[in-house]
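Down below is the structure, laid out as structure tokens.
The values are calculated or read from the model by the stated rules, or taken from the named source; none is laboratory data. Worth saying up front: this structure is predicted, and the values here are computed from it rather than measured. FYI the Cβ positions are ideal-geometry reconstructions off the backbone, even for glycines, and counts take in every protein chain you see. We work out accessible area using only protein heavy atoms, side chains counted, and drop any ligands, DNA or RNA first. Shrake-Rupley method; radii C 1.70, N 1.55, O 1.52, S 1.80 Å.
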Amino acid sequence: MDWIKQIIECKKGNWESPGSLGQKIKKIRMLHRYTQKELGVMCGFSLSSADVRIAQYEKNKIKSSTDFSG
């Protein structure tokens, strides 16, 4: 999935777009016309909480525990 690679590149700092990681996730999600629920399910979150979890990431209320620097 190319959009996941785009998010990883955002985290590495290789994507030249202003804003936080959450803003970049939202921008890429909207570019691909996914709802928060669709993206959340694709990321492996349960159907009942997928949209809430993505909203939290987009609002920078939670941060990824994954290290994308390597």
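Here are a few things to note about the model shown:
- A residue that is at pLDDT 75 or above and either under 10 Å from the mean Cα position of the chain (by Cα) or open to solvent by 40 Å² or more (accessible area, probe 1.4 Å) (or both) occurs somewhere in region 61-69.
- Selection status of Q36, modelled with pLDDT of 90 or more and touching an Asp or Glu at 6+ places or on another chain (Cβ under 6 Å): yes
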